[in-house]
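Trainee: I have a structure I would like to understand better, so I am pasting it below and will then ask my questions one at a time.
Since every read-out is calculated from the coordinates, none of them should be taken as a lab result. Since we're looking at a predicted model, the values are computed, not measured. In this analysis, Cβ positions are derived from the backbone assuming ideal geometry, glycine residues included, and neighbour counts consider all displayed protein chains.
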Amino acid sequence: MLASQYLGGVLGCKHVIATDMGGTSFDVGLVHDGRPVASYQSVVNQYEYFVPRIDIRSIGSGGGSIVWVDETSGSLRVGPLSAGAVPGPVCYGRGGTEPTVTDAAVALGYLDPDYFLGGRLRLDGDAAMLSLEPIARRLGMSVVEAASGAARVVEHQMADLIRKVTVHKGYDPRDFAVFAYGGAGPVHAGVYARELGAQSLIVPLGGVCSLWSALGAATADLLHIYETVDILASPFDAARVGERFAELERQGLDQLERDGIAPGAARIARSADIRYKGQINEVEVAVPAGELDEAALAELAADFHRRYEALYGAGAGFREARVEIVTYRVRTTAVSAKPAIRPARERGATPSDDARAGARPVYWAELGDFELTPVWWGERLVAGNRVAGPAIIQVPDTTIVVHPGQAARIDAYGNVRARGPRGLVALTPRRGKEQTRCPDVSKGRSR
């Protein structure tokens, strides 16, 4: 999440859906207005924890998730059980017997059996096909149709999870760019990003996407969060509110001083959890810096009403009702040194001949059949190169699948950007709402 926040800042993307698909799970988080969306309460089993954390949601949909048939409904299912790393997917040849998402990707031609992990692991394509045969027989379809169905099931499961962290929380996914990383993320992101109507799909920094968390650790700032609860109903006592924030700020600055941070290098951000009096649904609202007088607190209440209706729908608020400040929160931050990511000079739209890795048959659900599809060496594509879909872009640690109707471009920072002629799907202009676009950095204009 922190790496996505950092790269989003470099690219000018204020709104990012960060998606990580590895071997066992699919994880989603949001960066909104340049900041990771946080949660302050969690439920684990039946226990509720009030602990600040970056809000990340996960489901059991990864490359090793097992494909199976629900005997009760007769429907195709994927996950949450996983083959894990050992024995792993059947195509690994390590003793696995149950088909997985990775086996389906091999059967569809997405993955090159000779170039998995840069050629360090040879995949058994025949074994992958054989493992899917019982599924296909049970469903009365071909092995390839079963593999395509498994891919679509897992991709729509991922799209549904993203809707839960966007639409269900008042965010419109059409305002976001999707970052896809992890070893398996770029294989399936072209579909789940398209299902959401996202502006664009970005595979960060090419081959680094499978190591994205390491970049996040390298770019992380020092952060301390201090909170206190003091329920105060409107009209608010400005002096009392100011005292609560002043005390939290003192605690945060003292902690940074003990961390060896000079006072001038500290950054402070304030917020409050507010609710309608008598209700339990609290909404975090940013609190401006400086002295909080009656006018500032009245504007804070107005911000709460606007945010509440953004989350729960227009007209859901009741502006005549009294509101309560429940939790006062202060974030104290010290900015760390960041790795330098510098843009490269663009070299033209046409890739060089040595970037071609040949072609192979790939099954495309959009076409309903196999098509001989060009394959590209991702490490040999340079800034400015464009690849029309359908196409496959291979880097040592992942594979980027560019679907029919989409096109990929290598931007100045080495990211692979995929989109269609009008975004990942045709977008309908929305009146009365400004759309925040992720700029095309290399061209200096919004895309």
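Trainee: So what is the diffusion coefficient of segment 330-379 in µm² per second by Stokes-Einstein at 4 °C and 1.567 mPa s, using a Kirkwood Rh over Cα pairs?
Mentor: 83
Trainee: Given segment 65-153, report the % of alpha carbon pairs whose separation exceeds 22 Å.
Mentor: That tail contains 19 percent of the Cα-Cα pairs.
Trainee: Note the full-extension length gain between R345 and Y49 as 0.36 nm times their separation in residues minus their Cα-Cα distance, in nm to one decimal.
Mentor: 101.7 nm
Trainee: For segment 14-132, report the translational diffusion coefficient in µm²/s to the nearest whole number, using Stokes-Einstein at 4 °C, 1.567 mPa s, and a Kirkwood Rh over Cα pairs.
Mentor: The estimated diffusion coefficient comes to 80 µm²/s.
Trainee: Moving on. Summing +1 for each Lys or Arg and -1 for each Asp or Glu, what net charge is found among the other residues whose Cβ lies under 14 Å from the Cβ of E133?
Mentor: -2
Trainee: Sticking with this structure for a sec: If you count, for each residue, the other Cβ atoms within 10 Å and average over each peptide, how do 70-78, 336-344 line up from highest to lowest?
Mentor: So the peptides 70-78, 336-344, ranked by packing, come out 70-78, 336-344.
Trainee: Work out the charge dipole of segment 50-131 with +1 on the Cβ of Lys and Arg and -1 on the Cβ of Asp and Glu about the Cα centre, then indicate which of C91, I56, L76 is farthest towards its positive end.
Mentor: Of the candidates, I56 comes out farthest on the positive side.
Trainee: Let me ask you something else. Within the chain, which DSSP H helices have Cα atoms that stretch 18 Å or more along the helix axis and a mean Kyte-Doolittle hydropathy of at least -1.0?
Mentor: Qualifying helices: 125-139, 143-165, 238-258, 294-312.
Trainee: Given the convex hull of the Cα atoms of segment 279-360, what is a quarter of its surface area in nm²?
Mentor: Taking a quarter of the hull surface, the average projection is 13.6 nm².
Trainee: Considering only Cα-Cα distances, which of the following residue pairs are longer than 29 Å: K14/K338; K14/K164; K14/K277? Provide the component values of the computation, followed by the final result.
Mentor: Numbers: K14/K338 18 Å; K14/K164 20 Å; K14/K277 33 Å.
Exceeds cut-off: K14/K277.
Trainee: Compute the distance from the alpha-carbon center of segment 1-34 to that of segment 193-233, in whole Å.
Mentor: Cα centroid to Cα centroid, the span is 4 Å.
Trainee: Determine by what factor the alpha-carbon radius of gyration of segment 222-334 differs from 2.2 N^0.38 Å, reporting the quotient.
Mentor: Values: Rg = 15.0 Å, N = 113, 2.2 N^0.38 = 13.3 Å.
Dividing the Cα Rg of segment 222-334 by 2.2 N^0.38 Å gives 1.13.
Trainee: Please find the FRET efficiency linking A214 to E371, where r is the Cβ-Cβ separation and R0 is fixed at 35 Å, and quote it to the nearest 0.05.
Mentor: The calculated FRET efficiency here is 0.45.
Trainee: So, by mean Cβ neighbours within 10 angstrom, what's the order for 89-95, 379-385 with the highest one leading? Don't skip to the end; give the middle numbers.
Mentor: Working: 89-95: 20.6, 379-385: 18.1.
Descending mean neighbour count gives 89-95, 379-385.
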